[in-house]
Amino acid sequence: MRTSDTPEADHTPQETMAVVAARLLHEGQVCFVGIGLPSLAANLARHTHAPGLVLVYESGTIGSKPHRLPLSIGDGDLAETADTVVSVPEIFAYWVQAGRIDVAFLGAAQIDRFGNLNSTVIGDYNEPVTRLPGSGGACEIAINARQVFVIMRQSKRSFVERIDFRTSPGNLGGAEQSERIRKEQGWLGRGPSVVVTDLAVWHFGDDGEMRVDSLHPGVTLDAVRAATGWEPKVPAALAETSAPTPDELRLIREELDPGGAYTR
């Protein structure tokens, strides 16, 4: 299963997720960041290989360079270190809806094989078992960001055959349908490109369906199958995710998240 779940492990699943996501970001990109692991990943990238990464937070801060991980999108450090601060309507109208976001992070309670996300309800919408926070800006981000990175823990409760509510569209019912609908609706984004979990890294095939591309250290394919609500597609050559380096772990533990708020 996951050797990183043990106290003696060199790193935790959350640290692996943050490191993997950070490595996927590139210098000069405009990145829409959420609080938690997305913020940790983006700031880790900024401290390592992508110092020119432009961080945009939903509260209206653009080009933030926080000295520590923000506690919320309203954290004063984001505004104090930003290149500029604008209103929330401007963030969405001028940046998100205008296609100026290169990559955005999303999470959800449920995801299906085509990357559609549910953050609205578990169960029937009118009589839900659990009512979730809802979309917020997630739907606008999902349809307009040029790339969407999904980061979430994996289980059969979260990786489901059919989501209970489609809050944020991914590849809808497949790549062909997604391309047609996105064009008809004038959506600027091309949908999700990668899903990072505590078990594996997933990408999307030409058909728009997720496939397992690499397993994290200590994780077996059987463990991934046991935590997936459908039979996952697996390439002939299944890679192993490169483990976090000592320097990446040092930055996380000593500078970015020394209290382990998001990584323990």
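Each residue in region 234-250 was checked for being more than 20 Å from the chain's Cα centre (by Cα) and of a type outside the set (Gly, Ala, Ser), and 7 of them qualify. Going residue by residue through region 130-146, is there one that turns out to be of a type in the set (Val, Ile, Thr), under 25 Å from residue 202 (Cα atoms) and part of a strand (DSSP E or B)? For region 130-146, residues of a type in the set (Val, Ile, Thr), under 25 Å from residue 202 (Cα atoms) and part of a strand (DSSP E or B): absent. Can you tell me which residues in region 46-59 are more than 15 Å from residue 141 (Cβ to Cβ) and in contact with a strand residue (DSSP E or B) (Cβ under 8 Å, 6 or more places away or on another chain)? Residues satisfying the conditions are 46, 53, 54. For region 34-45, which residues satisfy the criterion of being open to solvent by less than 40 Å² (accessible area, probe 1.4 Å) and not hydroxyl-bearing (Ser, Thr, Tyr)? Residues satisfying the conditions are 34, 36, 37, 38, 40, 41, 42, 43, 44, 45. In summary, residue 264 fulfils each of the numbered conditions (1) without any contact (Cβ under 8 Å) to a residue 12 or more places away in the chain; (2) within 22 Å of residue 21 (Cα to Cα) with the single exception of condition (1).
Being crowded, with 16+ Cβ neighbours inside 10 Å, among the acidic types (Asp, Glu) and closer than 25 Å to residue 169 by Cα, is that true of even one residue in region 110-117? Checking region 110-117: at least one residue is crowded, with 16+ Cβ neighbours inside 10 Å, among the acidic types (Asp, Glu) and closer than 25 Å to residue 169 by Cα.
Scanning region 67-85 for residues that are open to solvent by 30 Å² or more (accessible area, probe 1.4 Å), in a loop (DSSP other than H, G, I, E, B) and of a type outside the set (Ser, Thr, Tyr) yields 67, 68, 71, 73, 74, 83. Scanning region 33-79 for residues that are charged (D, E, K, R), modelled with pLDDT under 95 and closer than 21 Å to residue 246 by Cα yields a single hit, 68.
Let's see how each residue does on (1) at pLDDT 95 or above; (2) closer than 22 Å to residue 102 by Cβ:
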position: 183; (1), (2): no, yes
position: 197; (1), (2): yes, no
position: 204; (1), (2): yes, yes
position: 211; (1), (2): yes, no
position: 250; (1), (2): yes, no
position: 260; (1), (2): no, no
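Check region 121-133 and report whether any residue there is open to solvent by less than 30 Å² (accessible area, probe 1.4 Å) and under 22 Å from residue 37 (Cα atoms). I'd like the intermediate steps shown before the answer.
Start the filter on region 121-133 by keeping residues that are open to solvent by less than 30 Å² (accessible area, probe 1.4 Å), which leaves 121, 123.
Add one more test, that the residue is under 22 Å from residue 37 (Cα atoms), and what stays is none.
Taking every residue of region 121-133 in turn, none turns out to be open to solvent by less than 30 Å² (accessible area, probe 1.4 Å) and under 22 Å from residue 37 (Cα atoms).
For every residue, the table says whether it meets (1) within 26 Å of residue 226 (Cβ to Cβ); (2) at pLDDT below 95; (3) under 17 Å from the mean Cα position of the chain (by Cα).
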{"site": "102", "(1), (2), (3)": "no, no, yes"}
{"site": "112", "(1), (2), (3)": "yes, no, yes"}
{"site": "116", "(1), (2), (3)": "yes, no, yes"}
{"site": "119", "(1), (2), (3)": "yes, no, yes"}
{"site": "125", "(1), (2), (3)": "no, no, no"}
{"site": "159", "(1), (2), (3)": "yes, no, yes"}
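Of the residues making up region 205-223, those that are farther than 27 Å from residue 177 by Cα and either touching a residue at least 60 places away in the same chain (Cβ under 8 Å) or in contact with a Gly (Cβ under 9 Å, 6 or more places away or on another chain) (or both) are 216, 217, 218, 219, 220, 223.
The values are calculated or read from the model by the stated rules, or taken from the named source; none is laboratory data. Computed from a predicted structure; not experimentally measured. Every residue, glycine among them, receives a Cβ derived from its backbone with ideal geometry; neighbour counts consider all protein chains shown. Each accessible area value is taken on the protein alone, full model and side chains, heavy atoms only, with ligands, DNA and RNA left out. Shrake-Rupley method; radii C 1.70, N 1.55, O 1.52, S 1.80 Å.
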